[in-house]
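Below: the structure, in C-alpha cells.
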Amino acid sequence: MKADILGEINKRIDYCKNNLEQKKPEEIEKVLVEIEVFIDQYQVEDDIDQRIKNNRRSDVNGLRKIMQKTKSVERKNAYIGQVEMIDFDKCSKWIIKNKKELKNRIESIDLFKDKFPFKENMLRGLDIKKYVIGTGLETFCWYLENGTPGAMGQRSSLDYYLYWSAEDDSYAIRNGVHKGVVSEGEAGRVFDSLKKNIEAMLQLVGENSIHLIDDRRQGKELPKANILQKILFLYYPDMFIGYYSSAYIEKIAAMIGLNIAADVYRSNAIIADRVKEKIIIPKLTPMEKTVGFTIYLWDEWDDYIYQAVGK
C-alpha cells in the first residue's frame with residue numbers, strides 16, 4: 001500500500017516536471033493538489049519514511065514556485081517566426097555521414113568524465129589544485145575551456161569563481177565583478193563549498209529535477225551560469241545539448257519549433273528531449289542523438305546562430 005502511494009506520487013511529480021512548459025498552470029496545479037493528498041496518506045514508520053515525505057513536499061513546493069514564476073513572467077520566445085527552421089531529416093543524414101566525428105567527440109567527453117569522475121553524487125578525487133585554472137596545468141577548469149567539445153573561447157578566470165592568480169602568486173575568487181585575493185586557508189574553504197554546490201547541481205539532474213537548478217544556484221559559490229551549463233552537459237550529455245548561453249538556447253528552441261523562454265537549464269533539457277524524439281536513427285543512443293545534434297549545429301548552423309545572437 002505504501003509503495004503504491006509513493007509510486008502515484010512519483011508518477012505525478014514526473015508528469016509535472018515534464019510538462020511545466022507545455023500545460024496550463026491550472027492543469028499543473030490540479031496535479032500538485034493530487035500529489036499533496038497522496039503525501040498526506042503516506043504513513044511514516046521511520047526516519048527514512050519521514051525524509052521521503054519531506055522530499056516530496058519539497059518537490060511540490062519547488063514545482064509550484066517555478067510554475068508561479070513562469071506564469072508571472074508570461075514571456076514568449078522572441079525568435080518564434082523570425083528564424084530559419086532546422087530539418088531533422090537533414091540533421092539525421094548528417095549524423096550518419098559523420099559518425100566518426102561523433103565518436104571522437106563522445107570519446108572526448110568520456111575522457112573528461114574518467115579524469116574527473118562523478119560517482120555516488122560526489123566529484124571523486126577533485127581537489128583545489130586539480131580544479132583551478134591559471135596554473136598552466138590541465139585542470140578541471142582548463143578542460144572546460146580547452147579540452148572538451150563545445151569551445152567557449154578564453155574566459156575570464158573570474159567566471160570559474162575560484163582560480164590561481166599568477167599575477168598575485170595566490171588564489172583568488174570572484175567578488176561581484178572584481179577579483180579578491182585570498183589566503184590558502186580561505187581558498188580551501190571556498191573550494192569545499194564550490195565543489196559541494198557543483199555536486200548538488202549535478203545531483204539535481206540525476207534526480208530529474210532540472211527545474212530546480214536555476215533557483216537553487218542563486219547566491220551560491222558556483223561558476224557563471226554558462227559554465228555551469230557546460231559542466232551539466234559534459235556529465236549528462238544525454239539530457240542537454242552543447243550550447244550554454246540563454247540567448248543561443250532560446251534561438252535554437254525557436255529553430256526546432258519550441259515556443260519556450262524558460263531558464264537556460266530547463267530550456268536546454270526541453271530541446272534535448274525534442275531532439276531525442278525527432279531524430280529517428282536505429283541503434284542510436286540518446287547521448288548519440290543529443291551530441292550528434294550539437295555537432296550538427298556547430299558545423300552547419302553556428303555562424304547563423306552567432307550572427308543573430310552575438311556573444
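Summary of values
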item	result
Residue within segment 239-252 that is closer than 17 Å to E101 by Cα and modelled with pLDDT of 90 or more present	yes
Selected residue (only one of L232, L228 is under 21 Å from I295 (Cβ atoms) and buried (at least 19 other Cβ atoms within 10 Å of the Cβ))	L232
Among (1) of a type outside the set (K, R); (2) in contact with a helix residue (DSSP H, G or I) (Cβ under 9 Å, 6 or more places away or on another chain); (3) touching a residue at least 12 places away in the same chain (Cβ under 8 Å), the one test that Q203 misses	(2)
Counted residues, segment 121-135 - those being at positive phi and touching a residue at least 12 places away in the same chain (Cβ under 8 Å)	2
Residue check for I281: under 18 Å from Y79 (Cβ atoms) and either in contact (Cβ under 8 Å) with a residue 12 or more places away in the chain or in the same structural domain as G150 (by TED's automatic domain parsing) (or both)	no
Residues that are crowded, with 18+ Cβ neighbours inside 10 Å and farther than 29 Å from K65 by Cα, drawn from segment 256-286	I279
S246, sole failed condition from (1) farther than 18 Å from K230 by Cβ; (2) of a type in the set (G, A, S); (3) under 15 Å from the mean Cα position of the chain (by Cα)	(1)
Filter result for the condition that a residue is out of contact with any strand residue (DSSP E or B) (no Cβ under 7 Å at 6 or more places or on another chain) and in a loop (DSSP other than H, G, I, E, B), over E45, E107	E45
In segment 79-125, residue surrounded by the fewest Cβ atoms within 10 Å (Cβ to Cβ) [restricted to those that are among the β-branched types (V, I, T) and either modelled with pLDDT under 95 or farther than 27 Å from F140 by Cα (or both)]	I96
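Per-residue answers, yes or no, for (1) closer than 26 Å to I260 by Cβ; (2) modelled with pLDDT under 80; (3) surrounded by fewer than 16 Cβ atoms within 10 Å (Cβ to Cβ):
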{"residue": "I13", "(1), (2), (3)": "yes, no, no"}
{"residue": "N18", "(1), (2), (3)": "yes, yes, yes"}
{"residue": "I39", "(1), (2), (3)": "no, no, no"}
{"residue": "E45", "(1), (2), (3)": "no, no, yes"}
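The values are calculated or read from the model by the stated rules, or taken from the named source; none is laboratory data. Being a predicted model, the structure only gives us computed values, none of them experimental. Neighbour counts run over all protein chains shown; Cβ positions are idealised from the backbone, glycine included.
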